[in-house]
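What follows is a short report on a single structure.
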Amino acid sequence: QVQLVESGGGLVQPGGSLRLSCAVSGRIFSIYAMGWYRQAPGKQRDLVARITPGGTTDYADSVKGRFTISRDNAKNTVNLQMNNLKPEDTAVYYCNVLAGPNNYWGQGTQVTVSS
């Protein structure tokens, strides 16, 4: 059974930093990408960043230059370093693995940016 478990969310002041981690367990074949999405209240879930097994990354325009996605293949984790956080970054952040026809999701972790 595949499980994705996120950690690292919380409350931070504008300009601060947080690091999200996602631990992936279970057997997954043909991974296309691992990434992070976010969903603010009343809005759709949008891509924040993703990374392919080859290391190619893709970021939403709103986070370019502030967020960095990385993966640790040995630990089977995917991380999101978030710097210079803004109030508009407030959302529930979800870890995602896209593998073949399957789309796996974590339970989500809340990130709140507020003074």
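Check each of the trypsin sites (Lys or Arg not before Pro) in segment 23-115 and keep only those in coil by DSSP with at most 12 other C-beta atoms within 10 angstrom; list them in order.
R27, K43, K64, K75
So which residue, out of V24, V78, V12, gets the largest mean-square fluctuation from a GNM of the chain using Cα contacts under 10 Å as springs?
V12
Hey, in the GNM for the chain with a 10 angstrom Cα cutoff, which one of D89, D46, D72 fluctuates hardest?
D72
Straight distance only, please: which lysines reach the Cα of K64 with their own Cα at less than 21 Å, same-chain residues fewer than 8 apart left out?
Within the straight-line cut-off, K64 pairs with K43, K86.
Could you look at the chain and say what percent of its accessible area is carbon and sulfur, using a 1.4 Å probe and all protein chains? Let's see the in-between values first.
Numbers: 2890 of 6210 Å².
After summing per-atom areas, the C and S share lands at 47 percent.
For the chain, report the accessible area per residue in Å² (1.4 Å probe, heavy atoms, rounded to an integer). Write out the running numbers ahead of the final one.
Details: 6210 Å² over 115 residues.
Here the residues of the chain average 54 Å² of exposed surface.
The values are calculated or read from the model by the stated rules, or taken from the named source; none is laboratory data. Computed from a predicted model, the values in this text were never measured in an experiment. Quick reminder, even Gly has a Cβ in these numbers, built from the backbone with ideal geometry, and neighbours come from all protein chains shown. Protein only, heavy atoms only, side chains kept; ligands, DNA and RNA dropped before computing areas. Shrake-Rupley method; radii C 1.70, N 1.55, O 1.52, S 1.80 Å.
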